[in-house]
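Working notes for the structure below.
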Amino acid sequence: MKNQTLILHFFLVIGFFSLTACLETRTSIQETEQKKVIQEQVVQMQKSNADQGNRFNELSEGIRSLNGRVEALENHNQIVAQDKDRAKKSQEEERSENAKKLALFQEELVKLQNQILELQKEPKVKPSTANPFDTAQELFKNTDYKKAIVQFQKYREQFPKGKQMPEATYKIGVSFQELGMKDEARTFFDEVISRYPNSSFSKSAKGKLKAKK
């Protein structure tokens with residue numbers, strides 16, 4: 001009876017150790033599987049982080065490229081705006097300059113008209129012929145330039161398409177030049193050159209203007 005009890009106790013001890021070993025083996029397997037799962041999760045997370053890092057780099061590069069384009073566009077718009085401002089300023093300056101020139105021209109024209117009126121107030125010369133050009137020629141030869149201007153101008157008014165228009169206009173310029181009125185003389189020389197470019201007096205007028213320089 002005592003031997004049976006010992007045998008039973010022996011088997012119980014062996015069973016206990018076997019059960020313990022099985023439990024330890026199962027626990028070890030579970031721990032190994034858990035480690036494997038954790039390692040896979042870590043690898044997955046690392047891969048995900050790497051993908052996110054690449055995506056972040058791509059987005060950053062895209063943002064830098066977009067910022068560069070925006071900057072280039074802003075610079076282009078700034079250059080265009082500056083060009084427009086310069087063009088506008090240039091046009092305004094040109095208009096202002098033209099307005100000044102026009103005002104000076106009108107002033108000179110009024111001055112010239114007044115001077116002609118003053119000359120016309122001089123004692124009238126009894127014409128030797130009905131054509132004032134002949135009277136003007138005689139006065140011009142006698143160096144009576146003030147009266148010659150008046151007679152030449154009368155001819156221009158009476159015969160605006162007369163054959164002697166180039167000569168009359170030219171000699172008015174010469175008369176003013178002889179009287180020391182250079183600006184007035186230039187006005188008539190310019191008229192001869194522009195209105196009668198093919199006449200011999202146009203060439204003479206050019207010579208007078210060139211000599212003045």
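Can you name every residue in segment 177-199 that is in a helix (DSSP H, G or I) and without any contact (Cβ under 8 Å) to a residue 12 or more places away in the chain?
Our first condition is that a residue be in a helix (DSSP H, G or I); within segment 177-199, this holds for 177-178, 182-195.
The one that is in a helix (DSSP H, G or I) and without any contact (Cβ under 8 Å) to a residue 12 or more places away in the chain: 194.
Does segment 4-26 include one or more residues that are at pLDDT 75 or above, of a type outside the set (Val, Ile, Thr) and more than 30 Å from residue 191 (Cα to Cα)?
Within segment 4-26, the subset at pLDDT 75 or above is none.
Within segment 4-26 (the criterion being at pLDDT 75 or above, of a type outside the set (Val, Ile, Thr) and more than 30 Å from residue 191 (Cα to Cα)), the answer is no, since none of the residues qualifies.
Look through segment 110-137, keep the residues that are touching a Ser or Thr at 6+ places or on another chain (Cβ under 8 Å), surrounded by 14 or more Cβ atoms within 10 Å (Cβ to Cβ) and not in a helix (DSSP H, G or I), and return whichever of them is modelled with the highest pLDDT. Walk me through it before giving the result.
From segment 110-137, those touching a Ser or Thr at 6+ places or on another chain (Cβ under 8 Å) are 112, 125, 127-129, 134-135; that's our starting set.
Imposing the further condition that a residue be surrounded by 14 or more Cβ atoms within 10 Å (Cβ to Cβ) reduces the set to 112, 125, 127, 134-135.
Remaining after also requiring not in a helix (DSSP H, G or I): 125, 127.
Working: 125: 47, 127: 42.
The extreme case among them is 125.
The values are calculated or read from the model by the stated rules, or taken from the named source; none is laboratory data. Quantities reported herein were computed from a predicted structural model and do not represent experimental measurements. Every residue, glycine among them, receives a Cβ derived from its backbone with ideal geometry; neighbour counts consider all protein chains shown.
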